[in-house]
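The values are calculated or read from the model by the stated rules, or taken from the named source; none is laboratory data. The model shown is predicted, which means the values in this text are computed figures rather than measured ones. Positions of Cβ are generated from backbone atoms using ideal geometry, with glycine treated the same way; all protein chains shown enter the neighbour counts.
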Amino acid sequence: MPDFMAELAAVVEILIVLTVVVVIVKRKRSRTPESSSSVIPKPVLRLVTAELEIWRAVWRFLFTRRDASKFYPANRSIFGYLVIFTMVTGPIELFLVHVLIPSQTVAWVVTGFSIYGLFWVAGMYASIRTMPHSFSDERLTLRYGIMAEVIVPMNEIASISARVAKSTKGGDGLRSEIGNSGEMESWITSAGQADVTILLKSKIHPRGLVKRGSPSRVINITVDRPKNFVAAVQADLVINESH
């Protein structure tokens, strides 16, 4: 691979590092927590964070063993098949790029973006497989890889139950739609199917890849071993109430 490819990758990573440095310096100089957003738009900050999370997810996927005691999103995602399909068709695409584009510089630029795009697809899948739902004494963190996250204070949970439900919009990641009760509901699901429903005492904003979802009191999530997950969260809620 020519030196141009290495230079392209270096430029992308240098921009990411510089962005992180600017954010850190800005936050240290200012007392306001939102000061970094005046320098860099929040969607850009989120993409920078997602980039770093993808690198970490790929590393964990390749070199660490998955913790079977934790609760992960149910494996219904199409990303695994998409990665395989892209890896099969990728060499053909790259060959056609270099045959059809007369300029080698442009052809290698397109090649670089194609490889970078494949890395993101693989990284998204790795993040789903390596970033579990988690809970502690104070908060419940619900995730769907880097594509969706909502942090719920434990004292805001009114009820939690295991039930299979289907989003009318389908798809992976974060969705917002009006539920049967006429109230806005958030869906953090794989293939639009939820396994657990959480009712909150007040509305919370879920976070997508680049923007926040609609505020809602009902959170529907996908999780492997849903009954065990619900039992674990309920046990933690009982302990918190007893303190």
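Give Arg217, Arg163, Arg143 a once-over and let me know the one that is farther than 19 Å from Tyr72 by Cα, touching a strand residue (DSSP E or B) at 6+ places or on another chain (Cβ under 8 Å), modelled with pLDDT of 90 or more and not in a loop (DSSP other than H, G, I, E, B). Step by step, each of Arg217, Arg163, Arg143 is checked, and only Arg217 is farther than 19 Å from Tyr72 by Cα, touching a strand residue (DSSP E or B) at 6+ places or on another chain (Cβ under 8 Å), modelled with pLDDT of 90 or more and not in a loop (DSSP other than H, G, I, E, B).
Considering only residues in segment 124-139 that are of a type in the set (A, V, I, L, M, F, W, C) and modelled with pLDDT of 90 or more, the one that is surrounded by the fewest Cβ atoms within 10 Å (Cβ to Cβ) turns out to be Met131.
Here is a check on your reading of the model: is Ser167 under 26 Å from Leu45 (Cα atoms), buried (at least 16 other Cβ atoms within 10 Å of the Cβ) and not hydrophobic (A, V, I, L, M, F, W, C)? Give the derivation first.
Numbers: under 26 Å from Leu45 (Cα atoms): no; buried (at least 16 other Cβ atoms within 10 Å of the Cβ): yes; not hydrophobic (A, V, I, L, M, F, W, C): yes.
Taking the combined requirement at face value, the residue does not satisfy it.
Return the residue satisfying two criteria in turn: it lies in segment 137-176 and is in contact (Cβ under 8 Å) with a residue 60 or more places away in the chain and small (Gly, Ala, Ser), and of such residues it is nearest to Pro226 (Cα to Cα). Among those residues, the one meeting the criterion is Ala162. Trp120 fulfils the conditions (1) at pLDDT below 80; (2) closer than 19 Å to Ala50 by Cα except for a single criterion, (1).
Out of Phe95, Phe71, Phe79, which single residue is at pLDDT 80 or above and aromatic (Phe, Trp, Tyr)?
Residue meeting the stated conditions: Phe71.
Can we say Asn180 is surrounded by fewer than 16 Cβ atoms within 10 Å (Cβ to Cβ), over 18 Å from the mean Cα position of the chain (by Cα) and under 16 Å from Pro132 (Cα atoms)? Considered against the rule, which asks whether it is surrounded by fewer than 16 Cβ atoms within 10 Å (Cβ to Cβ), over 18 Å from the mean Cα position of the chain (by Cα) and under 16 Å from Pro132 (Cα atoms), Asn180 comes out as no. Restricting Arg60, Arg65 to those that are modelled with pLDDT of 65 or more, loosely packed, with under 13 Cβ neighbours inside 10 Å and charged (D, E, K, R) reduces the list to Arg65. In segment 132-159, what residues are among the acidic types (Asp, Glu) and closer than 17 Å to Gly171 by Cα? Result: Glu149, single match.
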